[in-house]
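Trainee: Pasting a structure here, questions to come.
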Amino acid sequence: MVSLAQASGAVKTHMTISNLEFVDTNVLIYAFETGDTKRHKKAKEKIAQLAHDNRGALSAQVLIEFYSITTGKLRFPPSAARSAMLSFKYWALHSPQRSDVLQAIVIQQQHQLSWWDALIVNSAQQLNASILWTEDLNHNQRIGNVTVRNPFLD
């Protein structure tokens with residue numbers, strides 16, 4: 001198992017809000033979970049690159065899902081999951097409000113997405129992220145101003 005702080009590529013300076021790239025929960029999980037070596041390596045590299053370039057973005061939903069999965073299914077100690085979450089403190093963070101929930105309904109209906117994916121897309125849009133890194137949607141799919149990319153495709 002890789003150190004959670006190592007995988008996150010913690011950023012030490014505040015980031016600027018331009019050219020942000022939103023990271024979905026599944027990519028964060030692969031960066032910390034070493035069972036799938038190929039995905040782990042690619043996810044870890046993507047997270048480190050975004051941290052280095054100060055372009056990482058996520059949402060409260062992503063952090064909540066991350067904590068639930070790492071402390072549940074992956075059985076990481078809560079303190080390790082919390083430490084990993086703190087390493088993203090300089091990443092742009094979207095905390096959905098009532099209007100975001102309503103907009104996610106529109107996104108879900110227009111693009112035939114799952115409810116949770118629509119919330120993720122809305123958060124990426126609200127942060128003006130140009131890219132959404134996830135394996136849950138179609139690679140190169142364009143939703144509004146966001147382009148979906150799968151970091152695990154060669």
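The values are calculated or read from the model by the stated rules, or taken from the named source; none is laboratory data. Remember, predicted model here, so these are calculated numbers, not experimental data. All Cβ positions, even for glycine, are placed from backbone atoms using ideal geometry, and neighbour counts span all protein chains on display.
Trainee: Kindly evaluate TRP116 against the criterion of being under 14 Å from the mean Cα position of the chain (by Cα) and more than 21 Å from LEU153 (Cβ to Cβ). It would help to see each step written out before you state the result.
Mentor: Details: under 14 Å from the mean Cα position of the chain (by Cα): yes; more than 21 Å from LEU153 (Cβ to Cβ): yes.
For TRP116, the condition - under 14 Å from the mean Cα position of the chain (by Cα) and more than 21 Å from LEU153 (Cβ to Cβ) - is met.
Trainee: Identify all residues within segment 29-61 that are small (Gly, Ala, Ser), crowded, with 19+ Cβ neighbours inside 10 Å and farther than 20 Å from VAL121 by Cα; write none if there are none.
Mentor: Here is the first cut: in segment 29-61, the ones small (Gly, Ala, Ser) are 31, 35, 43, 48, 51, 56-57, 59-60.
After this cut, where a residue has to be crowded, with 19+ Cβ neighbours inside 10 Å as well, the list is 31, 43, 51, 56-57, 59.
If the condition is that a residue be small (Gly, Ala, Ser), crowded, with 19+ Cβ neighbours inside 10 Å and farther than 20 Å from VAL121 by Cα, then ALA31, ALA51 are the ones that fit.
Trainee: I'd like to verify a number: residues in segment 38-83 that are more than 25 Å from LEU153 (Cβ to Cβ) and either assigned to a helix (DSSP H, G or I) or touching a strand residue (DSSP E or B) at 6+ places or on another chain (Cβ under 6 Å) (or both), how many?
Mentor: 12
Trainee: Sticking with this one: Among the residues of segment 120-131, are any of a type in the set (A, V, I, L, M), assigned to a loop (DSSP other than H, G, I, E, B) and either in contact with a Phe, Trp or Tyr (Cβ under 6 Å, 6 or more places away or on another chain) or at pLDDT 95 or above (or both)?
Mentor: Restricting attention to segment 120-131, the residues satisfying the condition of being of a type in the set (A, V, I, L, M) are 120-121, 124, 127, 129, 131.
Restricting the remaining residues to those that are assigned to a loop (DSSP other than H, G, I, E, B) gives 127, 129.
Imposing the further condition that a residue be either in contact with a Phe, Trp or Tyr (Cβ under 6 Å, 6 or more places away or on another chain) or at pLDDT 95 or above (or both) reduces the set to 127, 129.
There is at least one residue in segment 120-131 that is of a type in the set (A, V, I, L, M), assigned to a loop (DSSP other than H, G, I, E, B) and either in contact with a Phe, Trp or Tyr (Cβ under 6 Å, 6 or more places away or on another chain) or at pLDDT 95 or above (or both).
Trainee: How about segment 84-119: which of its residues are of a type in the set (Gly, Ala, Ser) and either assigned to a loop (DSSP other than H, G, I, E, B) or over 22 Å from VAL148 (Cβ atoms) (or both)? Reasoning before the result, please.
Mentor: So the first thing to find is which residues in segment 84-119 are of a type in the set (Gly, Ala, Ser), and the list is 84, 87, 92, 95, 99, 104, 114, 118.
Once the filter is applied, which keeps residues that are of a type in the set (Gly, Ala, Ser) and either assigned to a loop (DSSP other than H, G, I, E, B) or over 22 Å from VAL148 (Cβ atoms) (or both), segment 84-119 yields ALA84, SER87, SER95, SER99, SER114.
Trainee: Which members of segment 49-73 meet the condition of being modelled with pLDDT of 95 or more and among the aliphatic types (A, V, I, L, M)?
Mentor: Listed by number, the residues that qualify are LEU50, ALA57, LEU58, ALA60, VAL62, LEU63, ILE64, ILE69.
Trainee: Within the set of pairs 6+ apart or on separate chains, which have a first residue in segment 128-141 that is hydroxyl-bearing (Ser, Thr, Tyr), a second that is surrounded by fewer than 16 Cβ atoms within 10 Å (Cβ to Cβ), and C-beta atoms under 9 Å apart?
Mentor: Note: pairs meeting the criteria are SER130/ASN19; SER130/ASN145.
Trainee: Which one of TRP91, TRP115 is within 20 Å of LEU28 (Cβ to Cβ), surrounded by fewer than 21 Cβ atoms within 10 Å (Cβ to Cβ) and out of contact with any Pro (no Cβ under 9 Å at 6 or more places or on another chain)? Lay out the reasoning, then the answer.
Mentor: Details: TRP91 fails: surrounded by fewer than 21 Cβ atoms within 10 Å (Cβ to Cβ).
Of the residues listed, the single one that is within 20 Å of LEU28 (Cβ to Cβ), surrounded by fewer than 21 Cβ atoms within 10 Å (Cβ to Cβ) and out of contact with any Pro (no Cβ under 9 Å at 6 or more places or on another chain) is TRP115.
Trainee: Against the condition in contact (Cβ under 8 Å) with a residue 12 or more places away in the chain, in contact with a His (Cβ under 9 Å, 6 or more places away or on another chain), surrounded by 16 or more Cβ atoms within 10 Å (Cβ to Cβ) and not in a helix (DSSP H, G or I), how does VAL148 come out, does it pass?
Mentor: Details: in contact (Cβ under 8 Å) with a residue 12 or more places away in the chain: yes; in contact with a His (Cβ under 9 Å, 6 or more places away or on another chain): yes; surrounded by 16 or more Cβ atoms within 10 Å (Cβ to Cβ): yes; not in a helix (DSSP H, G or I): yes.
So VAL148 fits the description; yes.
Trainee: Also, quick follow-up: Select from segment 118-133 the residues that are among the β-branched types (Val, Ile, Thr) and surrounded by fewer than 22 Cβ atoms within 10 Å (Cβ to Cβ) and list them in ascending order.
Mentor: First, pick out the residues of segment 118-133 that are among the β-branched types (Val, Ile, Thr): 120-121, 131.
ILE131, the sole residue that qualifies.
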